[in-house]
Amino acid sequence: MSVLQIIKDLIGKQDINFGDSSTTFSRETHTGGSISINYIDDGCIPSTGLGGYIGDHLHKQNTDTGTTNTTFDIASAGNMARLSTSGLSADRTFTFPDTGNQQLVGVSDMASSASGYGAASVGIQDTGAYFSGTNVEAAEQEMGADIVALQTTVFDRGFKSGFVLQFSSTVAITIGGGMWAHAGTTSQHVYTATQITFTLGPAGSNSLSSALGADELQYIYIDDSAVVVAGTALLTATEFVNSTTAPSFSHAKVGWYNGLDRCIGCVLTDSANVVIPFYTVGGHFVLYKEFTAEYATANCPTTFTALDMSSSIPKFSTRCRMLIIGATEGTIYYFSLEGNKQTEKHTCPFASGPLTTDITLNTSQIAQWYGSAAVSTGVTITGYFIDEL
């Protein structure tokens, strides 16, 4: 109802009566009707200005540019939003965005992955000038690209830590926790979060594994095809595989590979087609619990002769530990890589006495050797040193 209509209804054809506003009287209206009205007094129009009903419905425009209050509430009768200056140490200006697709950043905006929202709406302070982007999302993309690049740079190529092999049973080994750079279908760091047990053979952890044969080296690999199928860098037993195929060293990848599979170690089987017990000591020396004969007891040669130990020493080793049993005390055994110089010599301490020594091998796991006399001699391999895998 308009103010004018209220006044019309309050004023009758007779003079305006002033009196107690808490009482009413009947008065004819300007249209000929009748209405109960209050007396007009200071409850309606006080002598000091507008008030009562009229004052409640009139708005006075002001030219204030601010408020001295420290807070301002929106929707104060409900779940309000409050602007507060209580934490400010100086005047601050909040500038509204001037683009058609960007509103003020709110909770839903920060959680959004849509273009222009989320981390893309938050700027960064980059005093070191490390990033070309100016918001969080752009900086994250640059960091992600840098991490991917690091996996193929000289600083990261061939990286390895852990994955130490230990004997578990005649058909299984354990693989310790670790992380290795794997240059397979995808160049990435693959890792294990716990020690896992890998069962060899096609009926074991990986159906692509080679069957265990007699007196053979079985190389353990990170199976690239299984890593691709798994779709994660976190490895389980399924992502390893054993094979009789020896690896070759890749200078480009800085590691021993068979195709896209990276070699992490090797085990040896015996004549019964089972894994020979072994210990990996210090992560770089493998000690066989059962010794393997590489020179059956017979008279040793007296000139440099090849002693091939490739049946018990893996491709990635160029130094082994051997046990020599010579029949005659004082027999001297000479060893050489090329057979033209006596680079190492070891003397039998007493008749049929054991002589343990570490011998350097060439890349085919062969050493040249001979004895100072043709005496009955036996040579067995007790372990080997792991070159850089």
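Coordinate-derived values only; no laboratory data. Note that the structure is a prediction, hence the values are computed from the model and not measured. Using ideal geometry, Cβ is built from the backbone for each residue, glycine included, and neighbour counts are taken over all protein chains shown.
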Provide the FRET efficiency to the nearest 0.05 for the Ser364-Gln166 pair, computing r from the beta carbons and using R0 = 41 Å. 0.90
Residue by residue, what Karplus-based ³J(HN,Hα) values in Hz, rounded to whole numbers, does segment 297-310 have, using 6.51, -1.76 and 1.60 with θ = phi - 60° and x for Gly and Pro? 3, 6, 5, 6, x, 10, 9, 3, 9, 5, 10, 8, 10, 5
Let me make sure I get this right: for segment 285-385, a, b and c are the square roots of the gyration tensor eigenvalues over alpha carbons, sorted descending. Under 1.5 in a/c it's rounded, otherwise prolate if a/b > b/c, else oblate. Which is it? oblate
If neighbour count is taken as other Cβ atoms inside 10 Å, put Tyr221, Tyr295, Tyr279, Tyr333 in order from fewest to most. Tyr279, Tyr295, Tyr333, Tyr221
Loop only by DSSP, 12 or fewer other Cβ within 10 Å of the Cβ. Give me the GluC sites (Glu not before Pro) in segment 316-389 that pass, ordered by residue number. Glu338, Glu388
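Tell me, what is the percent relative contact order of segment 321-389, built from C-alpha pairs under 8 Å that lie six or more residues apart?
Across segment 321-389, relative contact order equals 45 percent.
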Simple spin-label estimate for Asp387/Thr356, 7 Å along Cα→Cβ, in nm, reads 2.5
What are the chymotrypsin sites (Phe, Trp or Tyr not before Pro) within segment 148-217 that DSSP puts in a loop, where the Cβ has at most 12 other Cβ atoms within 10 Å? Phe155
Out of all DSSP beta bridges with both ends in segment 160-276, state the antiparallel percent to the nearest 5. 95
Here, Met110 and Thr194, labelled 7 Å along Cα→Cβ, have an inter-label distance in nm of 3.7
